[in-house]
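Undergrad: Would you mind keeping the following structure in view while I ask a few things?
The values are calculated or read from the model by the stated rules, or taken from the named source; none is laboratory data. Being a predicted model, the structure only gives us computed values, none of them experimental. Cβ coordinates were reconstructed from backbone atoms using ideal geometry, including for glycine residues, and neighbour counts include every protein chain displayed. The area values use the complete protein model at the heavy-atom level, side chains included, leaving out ligands, DNA and RNA. Shrake-Rupley method; radii C 1.70, N 1.55, O 1.52, S 1.80 Å.
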Amino acid sequence: METREHSAPPSQSKAIHLKRFGAPLEVVEVGEIPVLAPAAGEVLLKMEFAPINPADLNVLEGKYGTLPALPCVPGVEGVGRVLSVGPGLGVGGEALLGKCVLLPNGFGSWRSYGTANALELVVVPEGVPLEQAAMLRINPATALCLLENFVALKPGEWVVQNAANSGVGRSVIQIARASGWRTLNVVRRGGLEAELRSIGADAVLEAGETLVSQIAEITGREDPRLGLNAVGGESALALAKTLAESGVLVTYGAMGLQPLRMPNGLLIFKDVAARGFWVSRWYKNATQPQRDRLFEKLFHWAASGVLHTPVEAVYSLDNAQEALAHAMRSGRSGKVLFKG
Ligand SMILES: NC(=O)c1ccc[n+]([C@@H]2O[C@H](COP(=O)([O-])OP(=O)(O)OC[C@H]3O[C@@H](n4cnc5c(N)ncnc54)[C@H](OP(=O)(O)O)[C@@H]3O)[C@@H](O)[C@H]2O)c1
């Protein structure tokens with residue numbers, strides 16, 4: 001059977017290359033790779049948007065849980081459009097033509113074109129903004145799993161988190177609000193309260209010495225049973241101290257680069273538990289119905305505007321260094337994306 005095409009692709013694709021690990025701005029190069037025709041069971045994708053996540057920067061540095069074989073095209077997530085369909089996919093393949101899809105794990109999303117296994121694609125429903133779709137598979141998925149998979153939260157219960165203005169943190173706020181849970185949101189700088197409250201935060205607090213007592217004052221006797229930690233060090237310790245007896249502190253990020261410290265007393269007298277979460281492991285172990293359910297919720301919330309991650313800038317792949325430098329800045333108001 002012949003390859004079926006939505007529109008004709010060029011012969012070369014722009015791509016960001018990673019040939020060695022090191023300082024992000026020094027190790028990426030913009031180049032070209034041939035655009036291959038999709039093989040049996042594959043589709044050819046035109047990349048639309050792909051974010052630069054902290055995990056991408058860690059991969060460039062060679063400091064992540066799993067590292068790709070080099071050379072490679074980095075980028076762990078994004079959204080693309082199906083341009084042509086390879087042989088062997090039947091009517092299902094025909095139906096994919098022109099559709100926007102979440103790029104599969106390992107695709108290397110910082111490129112303009114690439115082929116992917118059709119079975120690994122997640123079709124983006126109409127009505128989901130493409131920039132938002134490009135960021136759904138990692139951060140909002142993480143937020144949903146953090147809120148649903150560790151503590152069976154009752155209506156109105158408090159959840160406490162740090163790095164609350166991050167992509168994950170904002171998704172936690174939005175999903176918690178939509179699900180009827182209340183959030184205590186710790187940030188490391190001022191000026192974020194009005195904005196985070198406008199997306200559903202119940203309380204916004206700046207990190208500092210009085211944080212634990214401030215939180216106790218807000219929650220009264222209803223101490224949170226779930227704490228979400230993306231920072232580590234003193235910030236994580238403060239969250240742990242606010243937790244109820246047998247509460248769970250879930251660490252999913254280490255932005256502060258400081259190890260977790262858990263005093264003996266919190267373990268002995270309060271039975272506080274320290275757990276970890278990695279969304280890659282979740283995807284690996286999840287059943288298809290679990291994945292379908294996750295995407296159904298995320299797409300629904302993204303289409304209705306409940307889930308929205310702000311975007312601070314969109315760059316062409318030609319401006320890779322500029323984009324990476326921007327993504328590495330502190331105090332951003334949103335994510336930095338590549339346009340394919
Ligand atoms: N385990 C998983 O499966 C998983 C999945 C998704 C994300 N993550 C992790 O979650 C974290 C957040 O990711 P994201 O994409 O949501 O982040 P993001 O939108 O890029 O935002 C970064 C956040 O980190 C804060 N930050 C940066 N440096 C910091 C420091 N030294 N100390 C304290 N806070 C600092 C920033 O605060 P300012 O705004 O004040 O600069 C901002 O709130 C990252 O560590 C990421 O790797 C893990």
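Undergrad: Please work out which residue is farthest from residue 234 (Cα to Cα), limiting yourself to region 180-198 and to residues that are among the hydrophobic types (A, V, I, L, M, F, W, C) and within 13 Å of the ligand (Cβ to nearest atom).
TA: Result: 196.
Undergrad: A follow-up question, please. Can you say whether residue 228 is under 17 Å from residue 165 (Cβ atoms) and touching a residue at least 24 places away in the same chain (Cβ under 8 Å), as far as the supplied structure shows?
TA: yes
Undergrad: Quick check on my filter: what residues within region 296-340 are outside any loop (DSSP other than H, G, I, E, B), over 24 Å from residue 197 (Cβ atoms) and within 16 Å of the ligand (Cβ to nearest atom)?
TA: Scanning region 296-340 gives 313, 314, 315, 323, 324, 325, 326, 327, 336, 337, 338.
Undergrad: A follow-up question, please. Just to be sure, is residue 267 surrounded by fewer than 14 Cβ atoms within 10 Å (Cβ to Cβ) and either part of a helix (DSSP H, G or I) or not assigned by TED's automatic domain parsing to the domain that holds residue 168 (or both)?
TA: Criteria met by residue 267.
Undergrad: Moving on to the next point. From 26, 32, 48, which residue is in contact (Cβ under 8 Å) with a residue 40 or more places away in the chain, of a type in the set (Asp, Glu) and away from the ligand (no atom under 14 Å from the Cβ)?
TA: Criteria check complete, one pass: 48.
Undergrad: Considering only region 100-125, state which residues are outside any strand (DSSP E or B), in contact (Cβ under 8 Å) with a residue 24 or more places away in the chain and farther than 12 Å from residue 51 by Cβ.
TA: 105, 106, 107, 108, 112, 118, 119, 121, 124, 125
Undergrad: Here's something else I'd like to know. Checking residue 94 against (1) more than 10 Å from the ligand (Cβ to nearest atom); (2) at pLDDT 95 or above, only one condition comes out false. Which one?
TA: (2)
Undergrad: Related question: Mind listing whichever residues of region 32-72 are in a strand (DSSP E or B), buried (at least 16 other Cβ atoms within 10 Å of the Cβ) and of a type outside the set (Val, Ile, Thr)?
TA: Once the filter is applied, which keeps residues that are in a strand (DSSP E or B), buried (at least 16 other Cβ atoms within 10 Å of the Cβ) and of a type outside the set (Val, Ile, Thr), region 32-72 yields 42, 44, 45, 46, 47, 48, 49, 50, 51, 72.
Undergrad: Within region 73-99, track down each residue that is under 16 Å from residue 15 (Cα atoms) and part of a strand (DSSP E or B).
TA: 79, 80 - these are the residues of region 73-99 that are under 16 Å from residue 15 (Cα atoms) and part of a strand (DSSP E or B).
Undergrad: What's the number of the only condition in (1) within 14 Å of residue 297 (Cα to Cα); (2) more than 16 Å from the ligand (Cβ to nearest atom); (3) surrounded by 23 or more Cβ atoms within 10 Å (Cβ to Cβ) that residue 111 fails to meet?
TA: Of the numbered conditions (1) within 14 Å of residue 297 (Cα to Cα); (2) more than 16 Å from the ligand (Cβ to nearest atom); (3) surrounded by 23 or more Cβ atoms within 10 Å (Cβ to Cβ), the odd one out for residue 111 is (1).
Undergrad: Residues that are more than 27 Å from residue 221 (Cβ to Cβ), in contact with a Gly (Cβ under 7 Å, 6 or more places away or on another chain) and outside the structural domain of residue 328 (by TED's automatic domain parsing): does region 192-202 have at least one?
TA: no
Undergrad: Please work out which residue is nearest to the ligand (Cβ to nearest atom), limiting yourself to region 224-235 and to residues that are outside any loop (DSSP other than H, G, I, E, B) and of a type outside the set (D, E, K, R).
TA: Here the residue is 235.
Undergrad: Let me ask you something else. If you check residue 177 against the conditions, is it within 21 Å of the chain's Cα centre (by Cα), away from the ligand (no atom under 16 Å from the Cβ) and open to solvent by 50 Å² or more (accessible area, probe 1.4 Å)?
TA: Yes.
Undergrad: Please go through (1) within 24 Å of residue 177 (Cβ to Cβ); (2) more than 13 Å from the ligand (Cβ to nearest atom) for residue 239 and return the number of the only condition it doesn't satisfy.
TA: (2)
This table checks each residue for (1) part of a helix (DSSP H, G or I); (2) open to solvent by less than 10 Å² (accessible area, probe 1.4 Å).
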{"site": "132", "(1), (2)": "yes, no"}
{"site": "146", "(1), (2)": "yes, yes"}
{"site": "165", "(1), (2)": "no, no"}
{"site": "172", "(1), (2)": "yes, yes"}
{"site": "196", "(1), (2)": "yes, yes"}
{"site": "209", "(1), (2)": "no, no"}
{"site": "216", "(1), (2)": "yes, no"}
{"site": "222", "(1), (2)": "no, no"}
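Undergrad: I'd like the residue in region 148-163 that is polar (S, T, N, Q) and surrounded by 23 or more Cβ atoms within 10 Å (Cβ to Cβ) and, out of all such residues, is nearest to the ligand (Cβ to nearest atom).
TA: Filtering first and then ranking leaves 162.
Undergrad: Which members of region 126-147 meet the condition of being more than 16 Å from the ligand (Cβ to nearest atom) and farther than 20 Å from residue 53 by Cα?
TA: 126, 127, 128
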